Amino acid sequence: MKESTKKKILIIEDEVSQRKALVDKFIREGFSVLEARDGEEGLRVALKEQPNIILLDIIMPKMDGMTVMKKLRQENEWGKKVPIILLTNLSSDDDKTMNRIKEDSPAYYLVKANLKIGDLVEKVKEQLARET
Amino acid sequence: MVNIPTETEKMLYETKEFLLSVIGESPVGTLGINLEGKIIVVNHQLIEILGKNLDVDELIGQDVKKIIEDIPELVKVINTCLKRGRKSFDLHSVEIRKKKEKTFLSIRGRLITVGMLIVVENITAEAAAAAAEQALEKQKKIDKAKTEFVSLASHQLRTPPTSINWLLEMLLSGEVGQLNEKQKEYAQEAYKNSTRMVTLINTLLNVSRMELGIFPVDPEPTEMIAFTKDVLEEFELQIKRKELQVEEQYAPKLPLIMVDPKLLRIVVQNIISNAVKYTPEKGTITIKIFLKQEDEVIGNRKLKTNSIVIIITDTGYGIPRNQSDKIFTKLFRADNIKDKDTGGTGLGLYLAKSIMDHVQGDLWFESELNRGTTFYLAIPSKGMEKKEGTKELVVEAVG
């Protein structure tokens, strides 16, 4: 597949092993993969490269995922619409977090520990299909 | 000798009488002492508040210590005022023993030109309320800290198995190279145990929230047969693998019932999971759901109220009679199944029973070793009551 036709995915995740597995998996699935190891770097890369979809961890150093998402949504037209899949190992029942999450319209909120990597790929493809 | 005019005398007398009446009728304890610490005026309210058996009139001219010697902090502060010129004081929540009961006082004093005026109030009721509120606030802070610790701990604990699982999935899928049979077997075993760790963390999180009593109950109208079938479907693969027979017997029509589907799912999942796990291959699991009346005897127990009863029977290993009373206790696993399933947490039934107790339902069983077990779940027809809470329990995906 030519680089230009590949969908671009940005993976913002501070856990090295998880980021490594995700990057490797999405390359094999035919994506053009960008990665960032903290929220600050993630925001910078996102705004510069404008990927088709973003996988975003919540608990990260320098800038947490919630702040990254908020800033993206406020930045420009692209930032308002780019599909974001939040990945976390927080339970999905922390009211404060959930209310913040809902405000910025992520495509999905997924608990990593309960998620197979193959299922995540399906969710990403599903979301991208919706966008086209 | 100074000649005081009669009218002034009269006015002074009237003023004195007026002031004595004010002091006498005051709702608070009042005490006036001179600069030598002798009692000039005292009302019976003070004597009553202090719980003393003394005559007010006999106290005039006595040393103030006669009535306050058992309140050392008051003695001390009065000395400081009289001897060192401290202008006023305010003692709050002074504790005294009155007829063996604790009493709390508020005591205020002011130095005046001829001595001191001291006012005493009984604030036991307010002190008790304040102490109770303080204790409640403290408990809330402790609970909040515990809750946050549990959430944070479970987040941290889930992180390594997430990495392990994803990397093993990539390995097992063959995407990073083909494994030989032995390597595949080991990788599968590692994956199984890592997944088991996540289940354990989720279960511990639930148990912790259960014990903190912080999970809500959000009932919604539920059709119990469809609900139970939905839960059963999660076990389809495992049932097929073990070639288990599943027989279903349901009432022709059941009314909708108000239940919290998330909570009930945890309970029904646990019971069916045990039935599947602890029934040998080619065994049978029977699921029945009926509406039963108050006082009907179901499985050696009389129903306390009209209830929808779910009955799950297996032809499995059963529960040893001498261990039956421990089956709902935390971390308990019966001797006869420990070898057969090393993956159990010993928390599933504890959690299930705790949930049913919390929602005014009931969970009990009958069992015979090597013949099988029947679990009974009774949900009152009037449904579950809504309860507030801050943290929901985690529902596991099966498989």
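The values are calculated or read from the model by the stated rules, or taken from the named source; none is laboratory data. No experiment lies behind these values; they were computed from the predicted model shown. Backbone-built Cβ (ideal geometry, glycine too); neighbour counts: all protein chains shown. These accessible areas exclude ligands, DNA and RNA; they are computed on the full protein's heavy atoms, side chains included. Shrake-Rupley method; radii C 1.70, N 1.55, O 1.52, S 1.80 Å.
Could you please tell me which pairs satisfy a Cβ distance under 9 Å, a separation of 6+ or placement on different chains, a first residue in the range B:228-250 that is on the phi > 0 side of the Ramachandran plot, and a second residue that is assigned to a loop (DSSP other than H, G, I, E, B) and open to solvent by less than 50 Å² (accessible area, probe 1.4 Å)?
Qualifying pairs under 9 Å: B:243/B:283.
Can we say residue B:109 is at positive phi and not in a helix (DSSP H, G or I)?
Numbers: at positive phi: no; not in a helix (DSSP H, G or I): yes.
Against the criterion (at positive phi and not in a helix (DSSP H, G or I)), residue B:109 does not qualify.
Looking at the range B:293-303 only, could you name the residues that are open to solvent by 50 Å² or more (accessible area, probe 1.4 Å) and modelled with pLDDT of 90 or more?
B:293, B:294, B:295, B:296, B:297, B:301, B:302
Let me spell it out: the conditions are (1) over 38 Å from the mean Cα position of the chain (by Cα); (2) surrounded by fewer than 13 Cβ atoms within 10 Å (Cβ to Cβ), and residue B:110 meets all of them except one. Which number is the exception?
Just one mismatch for residue B:110, condition (2).
Of the numbered conditions (1) more than 22 Å from residue B:237 (Cα to Cα); (2) in contact (Cβ under 8 Å) with a residue 40 or more places away in the chain; (3) part of a loop (DSSP other than H, G, I, E, B); (4) not aliphatic (A, V, I, L, M), residue B:290 satisfies every one except a single condition; which is it?
(3)
Taking residue B:102, is it open to solvent by 50 Å² or more (accessible area, probe 1.4 Å), on the phi < 0 side of the Ramachandran plot and in a helix (DSSP H, G or I)?
Numbers: open to solvent by 50 Å² or more (accessible area, probe 1.4 Å): yes; on the phi < 0 side of the Ramachandran plot: yes; in a helix (DSSP H, G or I): no.
In short, no.
Tally the residues that are within 14 Å of another protein chain (Cβ to nearest Cβ) and either touching a residue at least 60 places away in the same chain (Cβ under 8 Å) or not in a helix (DSSP H, G or I) (or both), restricting the search to the range A:1-30.
Of all residues in the range A:1-30, those within 14 Å of another protein chain (Cβ to nearest Cβ) come to A:11, A:13-30.
When the remaining residues are screened for being either touching a residue at least 60 places away in the same chain (Cβ under 8 Å) or not in a helix (DSSP H, G or I) (or both), the result is A:11, A:13-15, A:18, A:21-22, A:25-26, A:29-30.
Result for the range A:1-30: 11.
Which condition does residue B:53 not pass, out of (1) assigned to a loop (DSSP other than H, G, I, E, B); (2) in contact (Cβ under 8 Å) with a residue 12 or more places away in the chain, if it passes all the others?
Against the list (1) assigned to a loop (DSSP other than H, G, I, E, B); (2) in contact (Cβ under 8 Å) with a residue 12 or more places away in the chain, residue B:53 comes up short only on (2).
What is the one condition in (1) in contact with a Ser or Thr (Cβ under 9 Å, 6 or more places away or on another chain); (2) in contact (Cβ under 8 Å) with a residue 40 or more places away in the chain; (3) surrounded by fewer than 20 Cβ atoms within 10 Å (Cβ to Cβ); (4) not in a strand (DSSP E or B) that residue B:330 does not satisfy?
Failing condition for residue B:330: (1).
Scan (1) at pLDDT 90 or above; (2) part of a helix (DSSP H, G or I); (3) open to solvent by 70 Å² or more (accessible area, probe 1.4 Å) for the single condition residue A:35 breaks and write down its number.
(2)
Please determine whether any residue of the range B:253-265 is within 14 Å of chain A (Cβ to nearest Cβ) and either farther than 27 Å from residue B:285 by Cα or open to solvent by less than 20 Å² (accessible area, probe 1.4 Å) (or both).
Yes, the conditions are met somewhere in the range B:253-265.
Please go through the range B:131-171 and pick out each residue that is more than 9 Å from every other protein chain (Cβ to nearest Cβ) and either in contact (Cβ under 8 Å) with a residue 24 or more places away in the chain or surrounded by 18 or more Cβ atoms within 10 Å (Cβ to Cβ) (or both).
The answer is B:143, B:146, B:147, B:150, B:168, B:171.
Report, by residue number, each residue of the range A:48-80 that is open to solvent by less than 60 Å² (accessible area, probe 1.4 Å) and part of a helix (DSSP H, G or I).
A:65, A:66, A:67, A:68, A:69, A:72, A:73, A:78, A:79
Considering only helices (runs of 4 or more DSSP H) fully contained in the range B:168-254, which possess at least 3 residues that are modelled with pLDDT under 90, closer than 30 Å to residue B:143 by Cα and hydroxyl-bearing (Ser, Thr, Tyr)?
On the way: elements: B:181-212, B:224-233, B:236-241.
Output list reads B:181-212.
Identify the single condition in (1) more than 30 Å from residue B:145 (Cβ to Cβ); (2) in contact (Cβ under 8 Å) with a residue 12 or more places away in the chain that residue A:69 does not satisfy, given that it satisfies every other one.
For residue A:69, the failing item is (1).
Could you check, for the range B:44-60, whether at least one of its residues is within 27 Å of residue B:131 (Cβ to Cβ), open to solvent by 40 Å² or more (accessible area, probe 1.4 Å) and among the charged types (D, E, K, R)?
yes
Could you tell me which residue of the range B:63-85 is nearest to the chain's Cα centre (by Cα), considering only residues that are surrounded by 15 or more Cβ atoms within 10 Å (Cβ to Cβ) and not in a helix (DSSP H, G or I)?
Among those residues, the one meeting the criterion is B:71.
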